[in-house]
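The structure appears right after this line, and notes come after that.
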Amino acid sequence: MFTYIHSIRHIEKKIFIFLCAVLLGISASYGFFVQATVLSIVERKTIERDIESLTSTLSEFEASYIARAGIIDRKYAEHLGFSESQKEVFAPRKRLVQNIPQGF
């Protein structure tokens, strides 16, 4: 009879240890996923700030381009030292694959 009681307690002890291990594993997984979520949110906020900064800089460049685009003409280019080319040279366009017809 004592052997039977001892075996029941042994089984309960194993079940208790198993359930504690499962609880510990679930708690560790929860902590890991919460930490990963928080880090992702912080990274996203940092990226959003960088995007805002780059968008602002790009807007400034576009405004500068638009302001200067109206100034540039043939007379201004000649003033800077550019001259009309006497000989027009074009780069030939070669097909990448030679023996295939143009259309399908």
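The values are calculated or read from the model by the stated rules, or taken from the named source; none is laboratory data. This is a predicted model, so every value here is computed, not measured. With ideal geometry, Cβ positions are generated from the backbone for all residues, glycine too; neighbour counts draw on all protein chains shown.
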Check the stretch 63-70 and report whether any residue there is of a type in the set (A, V, I, L, M), surrounded by 10 or more Cβ atoms within 10 Å (Cβ to Cβ) and on the phi < 0 side of the Ramachandran plot. yes
Give just the number: which of (1) of a type outside the set (D, E, K, R); (2) surrounded by 10 or more Cβ atoms within 10 Å (Cβ to Cβ); (3) at pLDDT below 85 does Phe33 not satisfy? (3)
